[in-house]
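Asks: To start, I am sharing the structure in question, which I have written as C-alpha cells.
The values are calculated or read from the model by the stated rules, or taken from the named source; none is laboratory data. Predicted, not measured: the structure shown is a model, and the values here were computed from it. Because the Cβ atoms are built from the backbone with ideal geometry, glycine has one as well, and the counts that use them run over all protein chains shown. Each accessible area value is taken on the protein alone, full model and side chains, heavy atoms only, with ligands, DNA and RNA left out. Shrake-Rupley method; radii C 1.70, N 1.55, O 1.52, S 1.80 Å.
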Amino acid sequence: MVLIDPKEVFHHNMGAMRAAVEPGFVIKTLIPYNKTFGDNFKRGMVTSINPASNSVTLDNGETVPFTHLYIATGSKGPFPGKLTNPMSVSMEEGKSLYNGIVEQVEKADNIVLVGGGPVGVELAGEIATDYAGKKKVTLVHPHEKIADQNTNDKFQANLKGELEKLGVNLVLGERVSNLDSLPMGCTTQNLNTVKTDKGKEIEANLVVPCTGLRPNASAYQSSLGDQMEKNGSLKVNEYLQVEGHKNIYAIGDCANVKETKLAYNAGCHADLVTKNLENEAKGNELKPYKPSGFFMALSIGRNAGIMTSGGWVMPSWIAKNVKAKQLFVPMTWKNMGQPIPEMKK
C-alpha cells in the first residue's frame, strides 16, 4: 500500500473553521503523514493516471505502479475552508496560513462572510462565539436556505435561530455583485463596501470567501476526462469503480455519488472499498454502495450546533456533544495512531 499526497500532513478539515479563529488550534488539524504511514507515504502530486500500464506519474517524473488505485482527491475551495492553495502545503506553511487568518479576524470589527454553505455557517458561528458582542458578523448567501438545500424547514429555523442568537446578521437571497474588486482575507483600515445584486451595501474591513466547493480533478482530468462529469467528479458504478476501469475507484467528494458531500459519507466509501478488496481477494462478490438517508451535523461555535438525520432534527445539545465541542479531533488523531499535540498558551 502506498499513500500519495502533495501535502506532508493530513488536514482535518472539520476543524478548519475553529483553526481560523482560535489561536493555536491549527496544530490539532494538521496530522503528519509520515508518522502514521512511514515509508508507505510518498509526497508528490499525481499529474496523470495511466490505466493501460496500471501506473500513476508524479510531478517529479516518478512512475508508481498499482494493482488497485483509489482516488480520494476530495474537493477544492477558497481558504480557510480548504487548504488546497498551494496543493503541496507543508506543516509550517499550513500553520502560518491559519495563524495569519486568526490575526486578521482578531483585528477586524466588521466581517462579511460570502457564502452560506457549511463553511460560511460554521465560520460565522466560531467568530460570533469567540468574539461575542465584539464584532459585527454578516453572512451573505444567494439562497433563502443556508447550509444545504436538502434540509427541512425545522432545520432551517433552528439553524438561523442559533446564528441570530449569537448576533450574526443574515442577508439571504442576495448575491455579492462586486466580489472580484474586494480584498479577500485581509483586514483593511478603511471599510470596504460589499454590494449585492439587490442593491444592499454592507460595510466591512474583512471579507472572507466561503463559496462553493468543487471536486479536485487535478490528478485525473488529463487521463480520465471521458469519465468526468461537468463539475469535475468521476463517474462511478455501484461499487465505486470508475466507469470502464475495474481496478480504479473514486471515493469521497470526487465521486459522482448522488448524496451530500460529507466526511461521514467519504468514510462509508472507504469502508466499502476496503471490504470489497478483501471480497475480491477471497473470490467473493463485491458489495454495492447504498447511500444512507440524508445526514448533516454542523457546529455553531463550541457551544452549539445542529444535526439532522432522516428528516429528524436533533436538539442543539446533541450536536454540541457529537461535533461542536471537539470536532472529531480525538477520533481523527486516534485513527492516525498519534497523540494530539498540546496547544501552546
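Asks: With the requirement that a residue be without any contact (Cβ under 8 Å) to a residue 12 or more places away in the chain and either touching a Leu at 6+ places or on another chain (Cβ under 8 Å) or over 17 Å from Asn13 (Cα atoms) (or both), what does region 86-99 give you?
Replies: Matches in region 86-99: none.
Asks: Could you please let me know if Ala124 is of a type outside the set (S, T, N, Q) and either in contact with a Ser or Thr (Cβ under 6 Å, 6 or more places away or on another chain) or farther than 18 Å from Phe25 by Cβ (or both)?
Replies: So Ala124 does not fit the description; no.
Asks: Quickly run through region 292-340 and pick out the residues that are in contact (Cβ under 8 Å) with a residue 12 or more places away in the chain and loosely packed, with under 13 Cβ neighbours inside 10 Å.
Replies: Within region 292-340, Ser292, Gly293, Gly310, Gly311, Gly337 meet the criteria.
Asks: May I pose another question? Within the group Val273, Val257, which residue is out of contact with any His (no Cβ under 6 Å at 6 or more places or on another chain) and outside any loop (DSSP other than H, G, I, E, B)?
Replies: Answer to the selection: Val273.
Asks: Out of all the residues in region 123-162, which are open to solvent by 50 Å² or more (accessible area, probe 1.4 Å) and part of a helix (DSSP H, G or I)?
Replies: Asp130, Asp153, Lys154, Ala157, Asn158
Asks: Now a separate question. Take Met87 and tell me if it is at pLDDT 95 or above, within 30 Å of Thr260 (Cα to Cα) and surrounded by fewer than 17 Cβ atoms within 10 Å (Cβ to Cβ).
Replies: The answer is no for Met87.
Asks: Only one of these conditions is not met by Ser222: (1) at pLDDT 95 or above; (2) open to solvent by 60 Å² or more (accessible area, probe 1.4 Å). Which number is it?
Replies: (1)
Asks: Being within 14 Å of Phe79 (Cβ to Cβ) and touching a helix residue (DSSP H, G or I) at 6+ places or on another chain (Cβ under 9 Å), is that true of even one residue in region 195-207?
Replies: Scanning region 195-207, I find at least one residue that is within 14 Å of Phe79 (Cβ to Cβ) and touching a helix residue (DSSP H, G or I) at 6+ places or on another chain (Cβ under 9 Å), so the answer is yes.
Asks: Which of (1) touching a residue at least 60 places away in the same chain (Cβ under 8 Å); (2) open to solvent by 20 Å² or more (accessible area, probe 1.4 Å) is the odd one out, the single condition Leu262 does not satisfy?
Replies: (1)
Asks: OK, next. Any residue at all in region 2-16 that's among the acidic types (Asp, Glu), without any contact (Cβ under 8 Å) to a residue 12 or more places away in the chain and either out of contact with any Phe, Trp or Tyr (no Cβ under 9 Å at 6 or more places or on another chain) or open to solvent by 20 Å² or more (accessible area, probe 1.4 Å) (or both)?
Replies: Taking every residue of region 2-16 in turn, none turns out to be among the acidic types (Asp, Glu), without any contact (Cβ under 8 Å) to a residue 12 or more places away in the chain and either out of contact with any Phe, Trp or Tyr (no Cβ under 9 Å at 6 or more places or on another chain) or open to solvent by 20 Å² or more (accessible area, probe 1.4 Å) (or both).
A quick yes/no check of all residues on (1) out of contact with any helix residue (DSSP H, G or I) (no Cβ under 6 Å at 6 or more places or on another chain); (2) among the basic types (Lys, Arg); (3) within 16 Å of Ala124 (Cβ to Cβ):
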site	(1), (2), (3)
Lys136	yes, yes, yes
Lys165	yes, yes, yes
Asn169	yes, no, yes
Asn178	yes, no, no
Ser181	yes, no, no
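Asks: Pick from Glu342, Glu259: which is modelled with pLDDT under 95 and within 18 Å of the chain's Cα centre (by Cα)?
Replies: None of the other options fit; the residue is Glu259.
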